[in-house]
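The values are calculated or read from the model by the stated rules, or taken from the named source; none is laboratory data. The model shown is predicted, which means the values in this text are computed figures rather than measured ones. When we count neighbours, we look across all protein chains shown, and the Cβ atoms used for this are built from the backbone with ideal geometry, even at glycine. The protein model used for the area step is the full one, side chains on, heavy atoms only, and it has no ligands, DNA or RNA in it. Shrake-Rupley method; radii C 1.70, N 1.55, O 1.52, S 1.80 Å.
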Amino acid sequence: MTTIQQSGRDASRWLSSYYFLRAGVSVGWVAAAFTIGRTVPPAAAALLVAYPAWDAVANVIDARRSGGFIANPSQVLNAAASTVVAVAVAVAVALGWGLHAVLAVFGVWAILSGLLQLATGVRRWQAGAQWAMALSGAQSALAGTHFIVKANGAVTPEIMDIAPYAAFGAFYFLVSAVWLTVVRARKGTTERTA
């Protein structure tokens with residue numbers, strides 16, 4: 001029994017640390033998008049490649065830490081999709097296809113990664129705070145649809161069209177991290193007083 005409780009506590013600690021990290025990186029990305037990404041096209045291009053690349057790395061780290069690749073198929077698929085998107089965005093930028101193509105790629109990725117994040121949240125429901133991850137996944141899929149519609153419009157997209165998407169992701173990761181931290185602290189207090 002003690003081993004199971006410790007294992008649950010370790011999982012909660014890992015997830016809260018992981019979610020804090022994801023929130024922090026997303027906030028940093030949004031800040032960079034609003035500052036240098038807005039005015040320096042090469043920086044914007046690098047940021048547009050870095051965002052899905054980081055998502056791929058983060059999903060691999062999480063899958064390995066949470067029981068391995070076989071136990072976490074949605075994260076493995078998410079990492080693969082994010083890797084493909086990072087390469088596709090790099091190719092689109094390098095070939096000068098323009099931001100309409102980049103936003104369309106981001107749209108497809110947001111839909112797919114959102115659905116995979118939703119699946120991961122549902123699978124991890126007992127870990128706690130997964131309602132925020134499931135909600136984030138669903139909202140990501142909706143945002144992806146918006147990106148695709150906007151990519152087919154006449155107005156030229158910019159990195160600022162993606163920044164709110166990253167900001168909402170940061171918000172949901174932060175909510176989950178804080179939620180898990182508070183629940184763990186309350187359980188620790190209850191165990192000490194019992």
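At q = 0.08, 0.19 Å⁻¹, work out log10 I(q)/I(0) for the chain with the Debye formula, treating every Cα as an identical point scatterer and leaving solvent out; two decimals please. Summing over Cα pairs of the chain leads to -0.28, -1.29.
Taking the longest Cα principal axis of the chain as reference, the axis of helix 73-94 is set at about 20 degrees.
Charge dipole (Cα centre; +1 on Lys/Arg Cβ, -1 on Asp/Glu Cβ; no other charges) of the range 120-194 amounts to roughly 480 debye.
Relative to the longest principal axis of the Cα atoms of the chain, the long axis of helix 130-151 lies at roughly 10 degrees.
Have a look at PHE34, PHE173, PHE147 and tell me which one the Gaussian network model of the chain (Cα, springs below 10 Å) gives the largest fluctuation. Highest fluctuation of the listed residues: PHE34.
On a 0 to 90 degree scale, rounded to 10, what angle separates helix 99-123 from the longest Cα axis of the chain? For 99-123 against the chain, the angle is about 10 degrees. Protein heavy-atom accessible surface, 1.4 Å probe, per residue over the chain: 52 Å².
Between ALA80 and ALA46, the modelled label-to-label distance comes to 3.1 nm, taking each label 7 Å out from Cα in the direction of the beta carbon. Just so you know, the Rg over Rh for the range 35-92 is 1.13, from Cα atoms, with Rh as the Kirkwood radius.
Computed from point charges on the beta carbon alone (+1 for Lys and Arg, -1 for Asp and Glu), the dipole magnitude for the chain about its Cα centre is near 660 Debye. Solvent-accessible area of the range 1-110 (1.4 angstrom probe, protein heavy atoms only): carbon and sulfur portion equals 74 percent. State the answer as a single residue: which of VAL57, ALA11, VAL76 lies farthest towards the positive end of the charge dipole of the chain, with beta carbon charges of +1 for Lys and Arg and -1 for Asp and Glu, about the Cα centre. Going by the Cα projections, it comes out as ALA11. Take the convex hull of the alpha carbons in the range 70-178; its mean projected area over all directions comes to 6.8 nm².
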